[in-house]
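Let me begin by presenting the structure, written as structure tokens, before commenting on it.
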Amino acid sequence: MAARKGKTRVGSRTKPEVQQESLPEKPAPRLGPGEYLPDPTEGITRVEDLPQPKLIRINRNVERLACPRCGHPAYRDHVYTRRLHDVGDLDAGRPRELEITYSQHCCSRCHKYFNTDTSDLAAPFSHYTHRVISLAVRTVVEDGLPYEPASWRLWRDFRVFVPWATIQNWVEAGEKKGDPPR
């Protein structure tokens, strides 16, 4: 960097004047193939420190629904909310949660209680969507990863945190279902 020095008179003192040649500004880094970008969540060891999820609301709340037992129109009795962990938003780098509002109905003819169907999203009593469960099981079974690295791979690649013991339960449950009959 070349600089020219000259003297200017300011008051009773003289100060050197420094003029700098303008350097071309550094261009903004471009992301391209093969460019490494570190994961901003790398090194986080506590689940509480992970980014907050993006919430997506789904409404399955209906006023009347046909009874699955007798077919009679049943009125809504209660409204409930259920949260499911889904595959994350990779653009925002955040996990995604589905908040499902669904209705419970009571048939006045046969007195059966039933809920609006949410089985297309998740199994009953599950906290994870079918997509997350199938990704986790495939990561272990097809890729041959141990449970703990599979858990962190799901976070890194899909922004969904699943404890490794949960993945182990899913894989072992799938093995029992896939056993040939004796």
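No value in this document is a laboratory result; all are computed from the given coordinates. All figures in this text were calculated on a predicted structure; none of them were measured in a lab. No Cβ is skipped: glycine too gets one built from the backbone with ideal geometry, and neighbour counts run over all protein chains shown.
At a glance:
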quantity: At R0 = 22 Å, FRET efficiency that the Cβ-Cβ distance of I56 and S119 yields, to 0.05; calculated: 0.75
quantity: Nitroxide proxy distance, nm - points 7 Å out along Cα→Cβ at D91 and D49; calculated: 2.9 nm
quantity: Burial order of peptide ranges 154-164, 84-94 (average beta-carbon count within 10 Å, highest first); calculated: 154-164, 84-94
quantity: Dipole magnitude (debye, nearest 20) for the range 47-176, charges at Cβ of Lys, Arg, Asp, Glu; calculated: 660 debye
quantity: Theoretical FRET efficiency, 1/(1+(r/R0)^6), r = Cβ-Cβ of E175 and S108, R0 41 Å, to 0.05; calculated: 0.40
quantity: Dimensionless Rg/Rh of the range 62-123 - Kirkwood Rh, Rg from C-alpha atoms; calculated: 1.16
quantity: Footprinting exposure proxy for H130, H72 (fewest neighbouring C-beta atoms within 10 Å first); calculated: H72, H130
quantity: Separation in nanometres of the label points that stand 7 Å from Cα toward Cβ, at R76 and D157; calculated: 4.0 nm
quantity: Distance cut-off 20 Å, percentage of C-alpha pairs in the range 92-182 lying past it; calculated: 49 percent
quantity: Percent antiparallel among DSSP beta bridges (both partners in the range 57-131, rounded to 5); calculated: 80 percent
quantity: Stretch gain in nm, segment Y36-E99, where the contour uses 0.36 nm per residue and the Cα spacing is subtracted; calculated: 19.2 nm
